[in-house]
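Have a look at the structure below before the remarks.
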Amino acid sequence: MYENNDEFDFEENSSSFVKMKNKYRTKHQPKPTRKTSYESNKDVQLWLKEQAADASASKEFHPTMLSSQRDGPWIQSSLSQFYEEDLISDVLYIAKSGKEASVFCCVAHPSSGYDVLAAKVYRPRMFRSLRNDAVYRQSRVVVDEHKKAMSNSRAKRVMSRKNTKARALQVSSWIGYEYETQMQLYEAGVHTPKPLSHIGNAVLMEYLGDRERQAPLLREVALEPEEARPLFTQILTDIELMFSCNRVHGDLSEYNILYWEGKVIIIDFAQAVDPRHSPAVLELLHRDIERVCTFFAPYGIEANARELAYEIWLRYMGPLPE
């Protein structure tokens, strides 16, 4: 749900540099091409319009909270279908805003059985923010517009094209993959928010928190000494349970683990990978466990992350990759 991304945003920090450079440019120097925001890309705009067109006009959804947001119109269109399906009735506040997605605390419709729900709305620019992502791309199944799995060669061929179809496939496949992964893991018993619906570039799920505040990230919590070890054990159990479902989180840390009412809940599966597709996933598994061990070390918990990763790999995958 809540992600952290420290990528430098060129568009937001380059204006002063461009002005200074223009001041000293001679008439013989060519004018540089101005880099535009990814959201203004015509393929992205077409995709957003297609998502908005899918929503029925039978009901109007106009949350007051979104009226002051710069990107309010397309966020509104992203959430409208949930409103029309009687899943949400209003938007209360932004629980988390990141470069990949924003999470909104929404008032749940009475028929849903919930008081509040979390709506995660993905930004199209997320698909250029994942650096060194080759292992992620080769370690997951890509589905086509009919939600059928594509062969690795076909997926690679289609995704490499710089056209509308390739961009739309990248968007829908990435978001759909995260939703399906989270649903699969939730049903397997992993401590993660229950996903409820996925439409276009938005996912609706169980909300950790209440109408006034969201659940804090694990990094923001000072644990009681007696609860540290049980929580550490729970996270390791969830990591192994994910692995038994052929998934490795790929970016697990105290930044995407929530703490709520004495429990820890794992979120953000955008970079989850299938260990069956690449032996390089072993290092991602090790990194996930190492980050968890590092966080709990100040609480007196000692563990060998590499040994724990090897044990899980051997138990489910057999011999270690060379």
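The values are calculated or read from the model by the stated rules, or taken from the named source; none is laboratory data. Note that the coordinates shown come from a computational prediction; the quantities given were computed from them, not determined experimentally. Counting neighbours? That spans all protein chains shown, and the Cβs are built from the backbone with ideal geometry, glycine included. Protein only, heavy atoms only, side chains kept; ligands, DNA and RNA dropped before computing areas. Shrake-Rupley method; radii C 1.70, N 1.55, O 1.52, S 1.80 Å.
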(request) Convert each backbone phi in region 229-243 into a coupling constant with the Karplus relation 6.51 cos²θ - 1.76 cosθ + 1.60 (shift: θ = phi - 60°), then list the ³J(HN,Hα) values in order as whole Hz, x for Gly and Pro. (result) 5, x, 6, 4, 4, 4, 5, 5, 4, 5, 4, 5, 5, 4, 5
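Given +1 on the Cβ of Lys and Arg, -1 on the Cβ of Asp and Glu, and no further charges, what dipole in debye does region 173-260 carry about its Cα centre, rounded to the nearest 20?
Details: 6 positive and 14 negative charges, 35 e Å.
Using only the charged Cβ atoms, the result is roughly 160 debye.
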(message) Before I look further, what does region 217-309 give for accessible area per residue, probe 1.4 Å, in whole square angstrom?
(response) 41 Å²
(request) Would you compute, for the Cα atoms of region 223-275, the largest minus smallest coordinate along each principal axis and list the three values in descending order, in whole Å? (result) 35, 19, 14
(request) State log₁₀ I(q)/I(0) for region 215-317 at q = 0.17 Å⁻¹ as given by the Debye formula over alpha-carbon point scatterers of equal weight, solvent excluded. (result) -0.73
(request) Taking all protein chains together and a probe of 1.4 Å, list 249, 198 from the most accessible to the least accessible. (result) 198, 249
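What order do 120, 96 take when sorted by accessible area (1.4 Å probe), most exposed first? Numbers along the way, then the final one.
Working: 120 5, 96 60 Å².
Solvent-accessible surface, decreasing: 96, 120.
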(request) For region 215-317, give the percent of accessible area contributed by carbon and sulfur heavy atoms, probe 1.4 Å, rounded to a whole number. (result) 49 percent
(request) Summarise the long-distance tail of P(r) for region 252-311 by giving the % of C-alpha pairs beyond 19 Å. (result) 37 percent
